[in-house]
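Read the structure below first, then the notes.
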Amino acid sequence: MKKVFLAMAIAFSATLFAQTEAKEKEKKVTVPSAVSSAFAKEFPGKKAGWGMEDGGYEAEFKINGSDASAVYDKAGHRKALEVTIKTAELPVNALQYVKNNHPATKITEAAKITDDKNVVTYEAEIGKDGKTYDVLFDASGKFIKIVEGD
């Protein structure tokens, strides 16, 4: 009887946790008018899904068929623009770095990131030990750092 009760309690807890997590994802982000206006001015006619990232407002949309995201502060200043690119579009030095330093991995996604000062960096996503990592490079393909992805 105790085992049945314990199993039911675990199942109930798991269901409750899943519902809470789903509700968190469903929360609507209230985008300040300064942010939505800045996005509309910079990307006219584009429709975006909005979320939060690092305390900023993130618009997810398409540019020329590629996934893109733009992060704005609450005043509507764009902090970063990230556009998915083909792996082959990464700088040669970046590709060589991944090949030499992570030979057992494959690049699963690549992106070009432009910050608010027009500084370009590149991101190569790799999988390792069941986790994803973002390997970051400067515009010439020089390694900057590796961080655990989300």
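The values are calculated or read from the model by the stated rules, or taken from the named source; none is laboratory data. Please read these numbers as outputs of a predicted model, since none were measured by experiment. Please note: Cβ atoms are built from the backbone with ideal geometry, for glycine as well, and neighbour counts cover all protein chains shown.
Figure legend. Inter-residue proximity from the range 120-142: first residues at positive phi and surrounded by 15 or more Cβ atoms within 10 Å (Cβ to Cβ), second residues at pLDDT 95 or above and assigned to a loop (DSSP other than H, G, I, E, B), beta-carbon distance below 9 Å, spacing 6+ or different chains. Indicated pairs: 141/90; 141/91.
Can you tell me which residue within the range 16-39, out of those that are aliphatic (A, V, I, L, M) and at pLDDT below 50, is farthest from the chain's Cα centre (by Cα)? Restricting to residues being aliphatic (A, V, I, L, M) and at pLDDT below 50, the top hit is 16. Within the range 123-150, the only residue that satisfies the criterion of being among the polar types (S, T, N, Q) and farther than 18 Å from residue 67 by Cβ is 140.
Take the conditions outside the structural domain of residue 121 (by TED's automatic domain parsing), of a type outside the set (A, V, I, L, M) and within 17 Å of residue 28 (Cα to Cα) and apply them to residue 76. Does it pass? Walk me through how you get there before you give the answer.
Details: outside the structural domain of residue 121 (by TED's automatic domain parsing): yes; of a type outside the set (A, V, I, L, M): yes; within 17 Å of residue 28 (Cα to Cα): no.
In short, no.
Is it the case, given these coordinates, that residue 137 is in the same structural domain as residue 32 (by TED's automatic domain parsing), at pLDDT 95 or above, of a type in the set (Phe, Trp, Tyr) and touching a Ser or Thr at 6+ places or on another chain (Cβ under 9 Å)? Criteria not met by residue 137.
Return yes when residue 62 is within 28 Å of residue 141 (Cα to Cα), at pLDDT 95 or above and in the same structural domain as residue 133 (by TED's automatic domain parsing) and no when it is not. Walk me through how you get there before you give the answer.
Working: within 28 Å of residue 141 (Cα to Cα): yes; at pLDDT 95 or above: yes; in the same structural domain as residue 133 (by TED's automatic domain parsing): no.
For residue 62, the condition - within 28 Å of residue 141 (Cα to Cα), at pLDDT 95 or above and in the same structural domain as residue 133 (by TED's automatic domain parsing) - is not met.
The residue that is farthest from the chain's Cα centre (by Cα), among those in the range 40-52 that are part of a strand (DSSP E or B) and loosely packed, with under 15 Cβ neighbours inside 10 Å, is 49.
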